[in-house]
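Have a look at the structure below before the remarks.
The values are calculated or read from the model by the stated rules, or taken from the named source; none is laboratory data. Just so it is clear, the structure is predicted and the values come from calculations on it, not from any experiment. In this analysis, Cβ positions are derived from the backbone assuming ideal geometry, glycine residues included, and neighbour counts consider all displayed protein chains. For accessibility, only protein heavy atoms count, side chains too; no ligands or nucleic acids. Shrake-Rupley method; radii C 1.70, N 1.55, O 1.52, S 1.80 Å.
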Amino acid sequence: CTSLTTAPELPATTLAAKCYTSIFKGCTSLSTAPELPATILAESCYGFMFYECKNLTTAPKLFATTLAESCCEYMFYDCKSLTTAPELPATTLAESCYYSMFSNCTSLTTVPALTATTMAISCYSRMFDNCTSLTAAPALPATMLANGCYSGMFSYCTNLTIVPALPATELVTDCYSSMFQG
């Protein structure tokens, strides 16, 4: 639906696995996203939701505090007009929950505070990959890491000049792998 400019309301608060996966994928004219009121997410429920929505300028507010595996993977991938990422209130993450969530959002300049302290496998992996307008990374307060939790998180963020402190003293497999590559 390359001509769709406004999305319909999505009032559901009880979600099921993959319920909204790819719903607006490739809607290149979509500029406004609907509200997403759910506080508990299901596996892959928002995965690829706004993938390649190149004209999306504002991301919806995310209320989710309970995440599931891959719930937001690739959610805003390649949203080239997106400048500000929404707040992410969850403090306990799930496996691959934010995997590549904002990858290739080349106009993204503002990212939320990432207050989560309970990590999961690949939870933030490639989250801001190739966000070439990003100049400052958020604080990363977690001290107990999970395998691949930050792998490739800021890879190819070629204008990144402010990086976070990495307070963890016990490292795990691939936790910081390729975090600032490129």
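Starting from the Cα-Cα distance between LYS25 and LEU166, subtract it from 0.36 nm times their residue separation and give me the gain in nm to one decimal.
Answer, rounded to one decimal: 47.3 nm.
From the backbone phi of region 66-77, what are the Karplus-calculated ³J(HN,Hα) couplings (6.51 cos²θ - 1.76 cosθ + 1.60, θ = phi - 60°) in whole Hz, Gly and Pro given as x?
10, 10, 10, 3, 6, 4, 10, 4, 6, 4, 10, 3
Where only protein heavy atoms count, and the probe is 1.4 Å, what is the accessible area per residue for region 61-182 in Å²?
40 Å²
Starting from 0.36 nm per residue, how many nanometres of slack lie between GLN181 and THR132 once their C-alpha separation is accounted for?
Stretched out fully, the GLN181 to THR132 stretch lengthens by 16.4 nm.
Which residue fluctuates most in the GNM of the chain (Cα springs below 10 Å): PRO37, PRO86, PRO164?
Judging by the Gaussian network model, the answer is PRO164.
Among [x] 15.3; [y] 12.2; [z] 8.6, only one was calculated for this model; which label is it, if the read-out is mean projected area of the Cα convex hull in nm²?
Here mean projected area of the Cα convex hull in nm² agrees with entry [z].
List the residues, sorted by chain then number, that are 5 or more residues from LEU36 or on another chain and whose placed amide H is less than 5 Å from its amide H.
Residues meeting the criterion, in which the H sits 1.01 Å from N, are LYS61.
Over the chain, what relative contact order in percent results from Cα pairs under 8 Å that are six or more residues apart? Before the final figure, lay out each step's value.
Working: 619 pairs, mean separation 25.8, N = 182.
It rounds to 14 percent for the chain.
Taking the chain as a Gaussian network, Cα atoms linked when under 10 Å apart, which of ASN130, ASN147, ASN104 shows the biggest mean-square fluctuation?
Top of the fluctuation ranking is ASN147.
Using the crude model of +1 on Lys and Arg Cβ and -1 on Asp and Glu Cβ, and no other charge, please compute the dipole size for region 44-182 relative to its Cα centre, in debye to 20. It would help to have the intermediate numbers written out before the result.
Values: 4 positive and 9 negative charges, 70 e Å.
In debye, rounded to 20, region 44-182 gives about 340.
Using amide H atoms built 1.01 Å from N in the peptide plane, name the residues 5+ places from GLU87, or on other chains, whose amide H lies under 5 Å from its own.
LEU62
What percentage of the solvent-accessible surface of region 124-182, computed with a 1.4 Å probe over protein heavy atoms, is contributed by carbon and sulfur atoms? Walk me through the numbers before you get to the answer.
Numbers: 1430 of 2710 Å².
C and S fraction of accessible area: 53 percent.
Once amide H atoms are placed 1.01 Å from N in the peptide plane, what residues at a sequence separation of 5 or more from TYR20, or on another chain, have their amide H within under 5 Å of its amide H?
Result for TYR20 returns nothing.
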